[in-house]
Amino acid sequence: MATLYVRNLPDDLYAKLQELAASEHRSINAQVITLLEQALKTEAQQIEDQKRQNVLKVLEESRQRRRVNPADFGLPDSTELIREDRDR
């Protein structure tokens, strides 16, 4: 198992951590691990939610796009081009 050292931890933050650990009947070490796990789960969930929102946004944009007809731009229909090529 890895070891993590935290330098220059503010005293007030350490005191809050001690209080929280005591109220949860945990050691400071166990409390820090629990807090890190919760933070990482929350972060991972937010990232997943953001990805899901991006996918939904792209799907919505693609639904709202108007289908482009080549004839609108003066371009020949691809079906006609294929038929012409086969007739050669």
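Relative protection proxy for 20-29, 49-58, 62-71, from highest mean packing down: 20-29, 49-58, 62-71 (other beta-carbon atoms within 10 angstrom). The peptide list 77-87, 32-42, put in order of mean Cβ contacts within 10 Å with the highest first, becomes 32-42, 77-87.
Shown for the chain: the carbon plus sulfur share of the solvent-accessible area, taken with all protein chains present and a 1.4 angstrom probe, equals 52%.
Helix content alone sets the calculated 222 nm mean residue ellipticity of the chain: runs of n ≥ 4 DSSP H residues at -39500 (n - 2.57) each, divided across all residues, give -23500 deg cm²/dmol.
Let me test this: with uniform point scatterers at the alpha carbons of the chain, what is the Debye-based log₁₀ I(q)/I(0) at q = 0.14, 0.21, 0.23 1/Å? Relative scattering, expressed as log10 I(q)/I(0), comes to -0.78, -1.04, -1.15. Take the chain with all the other protein chains still there, run a 1.4 Å probe, and you get 99 Å² of accessible area per residue.
The values are calculated or read from the model by the stated rules, or taken from the named source; none is laboratory data. Being a predicted model, the structure only gives us computed values, none of them experimental. Glycine also receives a Cβ, built like all others from the backbone with ideal geometry; neighbour counts cover every protein chain displayed. Just so you know, the surface numbers come from the protein's heavy atoms only, side chains and all, with ligands and any DNA or RNA stripped out. Shrake-Rupley method; radii C 1.70, N 1.55, O 1.52, S 1.80 Å.
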